[in-house]
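Engineer: Mind looking over this structure? Questions follow.
The values are calculated or read from the model by the stated rules, or taken from the named source; none is laboratory data. Keep in mind that what you see is a predicted model, and the values were worked out from it rather than measured. Every residue, glycine as well, gets a Cβ built from its backbone with ideal geometry; the counts of neighbours run over all protein chains shown. The accessibility values were calculated without ligands, DNA or RNA, using every heavy atom of the protein model including side chains. Shrake-Rupley method; radii C 1.70, N 1.55, O 1.52, S 1.80 Å.
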Amino acid sequence: MIEARALRRTFKGVEAVRGIDLDVHEREIVGFLGPNGAGKTTTLRMLTTLLKPTSGTATVAGHDLVSDPSGVRKSIGYVAQGGMFTPLSLIGAELRLQARLYGHSAREARRRVGEVLERVDLAGFENRSPASLSGGQARRADLALGLVHTPRVLFLDEPTNGLDPRARAELWSYIRGLKTTIFLSTHYLDEADALCDRVLIIDGGRIVASGSPAELKRDHAVGTLDEVFLTVTGRPMEQVAA
Amino acid sequence: MTAFVVAAHYLRETYRHKFVIFFGVVQPALYLVFFGPVFTGAGIGDWDVLVPGLLMQLALLTCGLTGFNIVFDHRFGVLERLRVTPASRFALLVGRVMKDAVLLLVQAVILLVLAAAFGLRASLPGMVAGLVLVVAMALGLAALSYAAALTLGDELFAPVVGTAVVPLLLLSGALLPMGGAPTWLDVASQATPFRHVVDALRALFAGSVEGLGWAVVGVGLFLAVALPLATRVFNRENA
């Protein structure tokens with residue numbers, strides 16, 4: 001579903017992403033795990049056409065990132081870090097606009113909005129504004145924005161950043177229940193462990209390890225992803241993130 | 001097509017916060033109350049000289065500062081969300097600009113009705129033609145305002161553009177006709193499209209088409225520069 005080869009991005013001579021290869025298969029939840037500044041968001045922004053790669057190639061849902069960005073855009077949903085609503089907008093109106101921008105008719109957009117809100121357990125929230133929601137509800141509303149056009153691949157950038165532990169666990173179960181291809185970035189080790197079928201550990205713009213959480217722990221003969229990170233990079237994750 | 005969807009969305013948003021519509025008219029209306037009697041009483045001109053200026057002021061202060069809206073969209077991730085959709089960035093820009101043009105038209109009509117109550121007597125076809133001219137010019141103003149907001153960023157937009165509209169307003173001769181200006185000021189004023197629009201509006205309100213050609217050329221050139229420039233900024237990857 002996603003296939004990237006030697007993807008690189010430089011900002012004014014500084015290499016943020018230094019040649020990344022990755023494959024994400026259909027219905028897989030793949031987590032991109034790394035400290036802040038490791039190149040996670042930059043990679044995600046390249047794969048979602050928000051940023052042009054300096055070099056390298058990638059296809060997303062069968063569309064080439066560079067030669068067919070509009071094909072990629074039609075096939076993907078993207079939930080950015082930190083939300084995607086202005087606080088006083090109406091959730092229903094924003095979702096309808098989003099659906100219409102993907103080419104759905106007004107009637108179809110309305111139908112989809114009702115459906116997607118049910119899917120994230122926010123049925124009847126059309127006339128609420130994001131400012132009136134709890135943190136967990138607001139993130140689910142963001143998820144709805146990424147899902148309203150039923151994309152083939154969903155990109156989530158730090159989906160549970162800033163949520164309390166209960167809301168995080170709750171959101172994980174929603175994400176797992178989506179049954180679609182998901183590529184997400186996170187700097188939470190427990191999130192990668194609990195949510196992802198496969199984890200790619202990124203550090204300094206390179207993928208330094210990959211595998212299922214169980215494989216990673218087994219291969220490095222350690223008990224937690226924390227220790228895997230420490231073994232692969234020589235530094236503990238918490239310290240780098242701070 | 002997409003542009004209409006975007007425009008309709010933002011118009012509904014604006015309608016939901018109705019005070020925004022009236023707030024835009026409050027400032028020129030205050031000029032009707034507190035400045036109009038002085039202006040007309042001092043023999044500078046009648047209401048048909050003042051009100052065209054107030055239309056220009058309205059356009060500069062609403063469409064000229066509309067970039068504010070995108071500053072918030074940018075801050076809250078809305079812009080990014082729209083940019084990953086298949087909608088073209090040109091359509092996203094044009095939709096917003098069309099919203100601003102429609103909003104300005106509504107506000108301008110409210111202002112003209114208020115002005116009529118104060119004593120504005122002007123040619124009706126002249127006023128209609130004047131509205132078309134002002135709205136056409138405002139398309140360029142709004143597009144530039146969005147481009148400025150994306151280029152300057154959250155912190156700089158308000159002080160820079162808020163300050164830039166002041167000389168533009170004064171140079172247009174909107175508040176006091178430029179007849180008595182020294183040559184250098186008159187030349188500077190003639191170099192802006194806004195001066196020609198104000199002159200043409202005053203002529204139109206008086207039932208004449210004097211200077212209309214220059215105003216149309218001015219607005220045409222302004223749009224020919226503003227729209228492609230704004231489109232380029234919208235297409236920039238990091239905007």
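Engineer: Tell me which residues come under 5 Å, amide H to amide H, from A:ALA209 once H is placed; ignore anything under 5 positions away on its chain.
Structural biologist: Here A:ILE201 satisfy the definition.
Engineer: While we're on this one: Using a 1.4 Å probe over the heavy atoms of the protein chains, calculate the carbon and sulfur portion of the accessible area of chain B as a whole percent. Intermediate results must be reported in sequence, preceding the final value.
Structural biologist: Details: 7740 of 10540 Å².
Heavy-atom surface of chain B belonging to carbon and sulfur, 1.4 Å probe: 73 percent.
Engineer: Give me the 1.4 Å probe accessible area per residue for chain A, excluding ligands and nucleic acids, in Å². All intermediate terms of the calculation are to be shown ahead of the outcome.
Structural biologist: Working: 9990 Å² over 242 residues.
For chain A, the per-residue accessible area is 41 Å².
Engineer: Leaving ligands, DNA and RNA out of it, report the carbon-plus-sulfur percent of the accessible area of the range A:139-232 at a 1.4 Å probe.
Structural biologist: Numbers: 1690 of 3470 Å².
Here it works out to 49 percent.
Engineer: With an 8 Å cut-off on Cα pairs and a minimum separation of 6 or more residues, tell me the relative contact order of the range B:2-237 in percent. It would help to have the intermediate numbers written out before the result.
Structural biologist: Working: 296 pairs, mean separation 65.9, N = 236.
About 28 percent, as a whole number.
Engineer: Related question: Among residues other than A:LEU90 whose Cβ falls under 10 Å from its Cβ, what is the net charge (Lys/Arg +1, Asp/Glu -1)? Please list the in-between numbers first.
Structural biologist: Working: positive: A:ARG96, A:ARG128, B:ARG12, B:ARG16; negative: A:GLU94, A:GLU126, B:GLU13.
Local charge sum for A:LEU90: +1.
Engineer: Which of the residues in the range B:80-94 lose at least 10 Å² of accessible area when you go from the chain alone to all protein chains together (probe 1.4 Å)?
Structural biologist: Buried on complex formation: B:GLU80, B:ARG81, B:LEU82, B:ARG83, B:VAL84, B:THR85, B:PRO86, B:ALA87, B:ARG89.
Engineer: Quick one: net charge around A:ILE29, please, counting Lys, Arg +1 and Asp, Glu -1 for every other residue with C-beta under 13 Å from its C-beta.
Structural biologist: Working: positive: A:ARG27, A:ARG176, A:LYS179, A:ARG198; negative: A:GLU26, A:GLU28, A:GLU191, A:ASP193, A:ASP197.
Net charge around A:ILE29: -1.
Engineer: DSSP loop (so not H, G, I, E, B), at most 14 other Cβ within 10 Å: list which trypsin sites (Lys or Arg not before Pro) in the range A:122-195 pass both filters. Spell out each step's value before the answer.
Structural biologist: On the way: sites: A:ARG128, A:ARG139, A:ARG140, A:ARG152, A:ARG166, A:ARG168, A:ARG176, A:LYS179; in loops: A:ARG128, A:ARG152, A:LYS179.
Passing both the DSSP loop test and the Cβ count: A:LYS179.
Engineer: At 222 nm, what helix-only mean residue ellipticity would chain A give, in deg cm²/dmol to the nearest 500, using -39500 (n - 2.57) for each DSSP H run of four or more? Intermediate results must be reported in sequence, preceding the final value.
Structural biologist: Values: 10 runs with 93 residues, N = 242.
After summing the helix terms and dividing by the residues of chain A, the value is -11000 deg cm²/dmol.
Engineer: Could you give me the ³J(HN,Hα) list for the range B:86-95, computed from phi with Karplus coefficients 6.51, -1.76, 1.60 and θ = phi - 60°, whole Hz, x at Gly and Pro?
Structural biologist: Along the range B:86-95, the couplings run x, 4, 6, 5, 5, 5, 5, 5, 4, x Hz.
Engineer: Next up: Select from the range B:1-44 all residues whose loss of accessible area on going from the chain by itself to the full protein assembly reaches 30 Å² or more (probe 1.4 Å).
Structural biologist: B:VAL5, B:HIS9, B:GLU13, B:ARG16
Engineer: If you count only protein heavy atoms with a 1.4 Å probe, what accessible area per residue comes out for chain B, rounded to a whole Å²? Spell out each step's value before the answer.
Structural biologist: Working: 10540 Å² over 239 residues.
Using a 1.4 Å probe on heavy atoms only, each residue of chain B averages 44 Å².
Engineer: Only protein chains counted, 1.4 angstrom probe. Which residues of the range A:46-81 are at least 50 Å² less accessible in the assembly than when their chain is isolated?
Structural biologist: Listed by number, the residues meeting the 50 Å² cut-off are A:LEU50, A:ARG73.
Engineer: A further question follows. Where is the GNM fluctuation largest for chain A (alpha-carbon springs, 10 angstrom cutoff): A:THR41, A:THR54, A:THR86?
Structural biologist: Result for chain A, Cα springs under 10 Å: A:THR86 fluctuates most.
Engineer: Right, something else. Of A:GLU191, A:GLU227, A:GLU170, which has the largest mean-square fluctuation in a 10 Å C-alpha GNM of chain A?
Structural biologist: Among A:GLU191, A:GLU227, A:GLU170, the largest mean-square fluctuation in the Gaussian network model of chain A belongs to A:GLU170.
Engineer: What quantity of accessible surface, computed with a 1.4 Å probe and excluding non-protein components, is buried in total between chains B and A, in Å² to the nearest 100?
Structural biologist: Details: alone 11760 and 11100 Å², together 20530 Å².
In total, chains B and A hide about 2300 Å² from solvent.
Engineer: With contacts defined as alpha carbon pairs under 8 Å and 6 or more residues apart, what's the relative contact order of chain A in percent? Walk me through the intermediate numbers first.
Structural biologist: Numbers: 463 pairs, mean separation 64.0, N = 242.
Averaging sequence separation for qualifying contacts and normalising by length gives 26 percent for chain A.
Engineer: For a 21 Å ceiling on Cα separation, which of these pairs sit above it: A:LYS52/B:LYS99; A:LYS179/A:LYS217; A:LYS74/A:LYS179; A:LYS12/A:LYS40? Before the final figure, lay out each step's value.
Structural biologist: Working: A:LYS52/B:LYS99 30 Å; A:LYS179/A:LYS217 25 Å; A:LYS74/A:LYS179 19 Å; A:LYS12/A:LYS40 18 Å.
Among A:LYS52/B:LYS99; A:LYS179/A:LYS217; A:LYS74/A:LYS179; A:LYS12/A:LYS40, the Cα-Cα distance tops 21 Å for A:LYS52/B:LYS99; A:LYS179/A:LYS217.
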